[in-house]
Amino acid sequence: MRRGIAATALFTTLAMTTTACGGNDDGQGGAGGSGGELSGTVTFWDTSNEAEKATYQALAEGFEKEHPKVDVKYVNVPFGEANAKFKNAAGGNSGAPDVMRTEVAWVADFASIGYLAPLDGTAALDEETDYLPQAAASTEYEGKTYAVPQVIDTLALFYNKKLLREAGVEVPASVAELTAAATRISRKTGATGLYLRGDDPYWFLPYLYGEGGNLVDAEKKTVTVDDAAGVRAYQVLKDLVDSKAAITDASDGWNNMENAFKSGKVAMMLNGPWAIEDVKAGAEFKDAANLGVAPVPAGSTGQGSPQGGWNLSVYAGSENLDASYAFVKYMSSAKVQQQTTEKLSLLPTRASVYKVPAVADNQMVRFFKPAVDKAVERPWIAQGNALFEPIRLQMANVLSGKTSPAKAAAATGDAYRKMLKDYK
């Protein structure tokens, strides 16, 4: 599942080409250095996936070339475990990393309970006006900045060009077209049309936004997930599965979806830039030209896809703050973001990087950047990440036939009001 290059070779290549954005003036010696020279240890928890982690490890360890007295301890933490693991470590004041790659919805949550160091006025915030505004929005909480944007993304429709061609169907632009195309694909090729990710509520958002809905209105402090659009969104999921246009799984959905798509058992799935390298390793996509990417099929009110991404945060209890700030600056620099895009086709968060020819000419960047520009921002509130669990429970109930879309939407709204005491 990794790229066809050994981690050692990759590290050697990146270490020779990567430079930090600043020199020894990044810190003030608070990490154990003298005369402004950084020293000490920076433990970095990286939440990237199997296909990405060798690149991130090489880039992270390349920081040591710029600061020989700093030891970077790279730790890859599975995404599904990272949130709880960090909270347990930070809450117990033992074992938390100095720097963590945080999902965009985690920042306000961690900051609200005092686990993140504010970055305003530190070396970590370098050339902050270069960041895409929508990426920077997820780094702030109550007027302070608690993270630096590293990667921005959204969902799209991945499709197998060969299967669609064999079935004689066009790339579906709407849910109605998706259902019709999937039926024909199944009849003509034997493959299922769509793998619907039923175990992860992030994959619910394109259907909710496509019906004109949202989770909450943070400005008006109103719960909106249980309005008519929310009911329609749950109904769309049910209809896709009931019509056999899609298959789903209530557990291990990521691996099952990836394997089904890579082997040609399903023709389409919703996924993001983070999946590109893994998909290209599959038997169906040894010829990368067979992979197609298109906007998420529109719902009844239009096309909608959620803004996602990853930030870099510093633990408030770190004993190596200066070195940690400098490390965040380095990992979010234009040069490192460019290398990340070239190696993994992930989208930068700095506007200047999109002007680099190697980035601007990247096929996936050309598609995903316009998609990101149109993506719907989630509510950047402390409870933002917790809003997903009620959806996960009700998705499972709807897809298994245990409840109706209307009852699922109502139950989700009730759960939100219990969580958000000051919301109507």
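Using the Kirkwood formula on the Cα atoms of region 270-318, what hydrodynamic radius do you get, in angstrom to one decimal?
14.1 Å
What percent antiparallel are the DSSP beta bridges of the chain, to the nearest 5? Before the final figure, lay out each step's value.
Working: 25 of 42 bridges.
Antiparallel bridges make up about 60 percent of those DSSP assigns within the chain.
Could you tell me which of the pairs LYS162/LYS343; LYS238/LYS407; LYS220/LYS369; LYS262/LYS343; LYS87/LYS402; LYS280/LYS343 are separated by over 22 angstrom between their Cα atoms in the structure shown? Walk me through the intermediate numbers first.
Details: LYS162/LYS343 26 Å; LYS238/LYS407 13 Å; LYS220/LYS369 30 Å; LYS262/LYS343 20 Å; LYS87/LYS402 33 Å; LYS280/LYS343 13 Å.
Listed pairs above 22 Å: LYS162/LYS343; LYS220/LYS369; LYS87/LYS402.
In whole Hz, with x marking every Gly and Pro, tabulate ³J(HN,Hα) for region 294-303 from phi via Karplus 6.51 cos²θ - 1.76 cosθ + 1.60, θ = phi - 60°.
9, x, 4, x, 6, x, 6, 10, x, 8
At 20 °C and 1.002 mPa s, what whole-number value in µm²/s does Stokes-Einstein give for the translational diffusion of region 207-282, with Rh from the Kirkwood sum over Cα pairs?
Working: Rh = 14.5 Å.
Reported coefficient: 147 µm²/s.
On alpha-carbon atoms, Rg over Rh for region 37-87 using Kirkwood Rh?
Details: Rg = 12.2 Å, Rh = 11.7 Å.
For region 37-87, the value is 1.04.
Enumerate the amide H contacts of ASN76 below 5 Å, restricted to partners 5 or more residues apart or on another chain; note that Pro and chain-start residues carry no placed amide H.
Under 5 Å from the amide H of ASN76: ASP46.
Region 133-289: Rg/Rh from Cα coordinates, Kirkwood Rh?
Values: Rg = 17.6 Å, Rh = 17.2 Å.
My calculation puts Rg/Rh at 1.02.
Quick check: net charge around THR248, other residues with Cβ under 15 Å of its Cβ, Lys/Arg +1 and Asp/Glu -1? Each step should come with its number before you reach the end.
Details: positive: ARG197, LYS238, LYS244, LYS265, ARG392, LYS402; negative: ASP199, ASP200, ASP239, ASP242, ASP249, ASP252, GLU258.
Neighbour charge sum, excluding THR248 itself: -1.
For region 44-202, go through all pairs of different Cα atoms, get the mean of 1/r, take its inverse, and jot down that Kirkwood value in Å.
Working: mean 1/r = 0.0521 Å⁻¹.
About 19.2 Å, per the Kirkwood formula over Cα pairs.
Run the Debye formula on the Cα coordinates of region 275-381, all scatterers equal and no solvent, and tell me log10 I(q)/I(0) at q = 0.16, 0.17, 0.21, 0.24 1/Å.
-0.91, -0.99, -1.21, -1.32
Per residue Cα convex hull volume for region 368-424, in cubic angstrom?
Values: hull volume 6.8 nm³, N = 57.
Roughly 120 Å³ of hull volume per residue.
Which of the lysines could a cross-linker bridge to LYS329, judged by Cα under 18 Å and excluding same-chain residues fewer than eight apart?
Candidates past the 8-residue exclusion: LYS65, LYS69, LYS73, LYS144.
With just the Cα atoms of the chain, tell me how far they stretch along each of the three principal axes, in Å, largest first.
70, 52, 34
What are the extents of the Cα atoms of region 99-177 along their three principal axes, in Å, largest first?
Between the extreme Cα coordinates on each principal axis of region 99-177 lie 57, 27, 21 Å.
Laboratory data are not the source of any read-out in this text; all were calculated from the coordinates shown. Computed from a prediction, not measured in an experiment: that's the story for all the values here. Using ideal geometry, Cβ is built from the backbone for each residue, glycine included, and neighbour counts are taken over all protein chains shown.
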